[in-house]
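The values are calculated or read from the model by the stated rules, or taken from the named source; none is laboratory data. Since the structure is predicted, the reported quantities are computational estimates derived from the model, not experimental observations. Using ideal geometry, Cβ is built from the backbone for each residue, glycine included, and neighbour counts are taken over all protein chains shown.
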Amino acid sequence: MKPRHFIVTALTTAILLTMGGATFAKGSDPVQQKPMQSAQQQMPMKQSPQQKPMQQHPQKARFIRVHRGDTLSGIAHKYRTRVSTLKRLNHLRGDTIFAGQRLRIR
């Protein structure tokens, strides 16, 4: 083995051991390391879109002011939601809303 090849091999091994979480002992003790894993186990596999779990990003709460003449059904239609959702988000028991009232729509 040529000296240059030996140095490259030693450096490559040291880099792989360091990346694998190995710790070097002080003094003349040998390298302490975890059992080596194969390259396939170290690299995470890409998942197809079908296997990927759905990540739901929380939406920011959005509020509106009720104007004179607004109704729950009109607001629900305008913001593409349901009257029952508006009532649940705003803790409304009936269908009565007032001008100037602040309603959560998301």
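So, HIS67, is that one out of contact with any strand residue (DSSP E or B) (no Cβ under 9 Å at 6 or more places or on another chain), surrounded by fewer than 10 Cβ atoms within 10 Å (Cβ to Cβ) and assigned to a loop (DSSP other than H, G, I, E, B) or not? Talk me through it step by step, then tell me what you get.
Working: out of contact with any strand residue (DSSP E or B) (no Cβ under 9 Å at 6 or more places or on another chain): yes; surrounded by fewer than 10 Cβ atoms within 10 Å (Cβ to Cβ): no; assigned to a loop (DSSP other than H, G, I, E, B): yes.
Criteria not met by HIS67.
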Filtered residue count, segment 78-105, keeping only those that are of a type in the set (Lys, Arg), outside any strand (DSSP E or B) and either surrounded by 14 or more Cβ atoms within 10 Å (Cβ to Cβ) or in contact with a Phe, Trp or Tyr (Cβ under 8 Å, 6 or more places away or on another chain) (or both): 1
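Yes or no, residue by residue, for (1) modelled with pLDDT of 85 or more; (2) of a type in the set (A, V, I, L, M):
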| position | (1), (2) |
| --- | --- |
| MET19 | no, yes |
| ASP29 | no, no |
| GLN41 | no, no |
| SER48 | no, no |
| PRO53 | no, no |
| LEU72 | yes, yes |
| LEU103 | yes, yes |
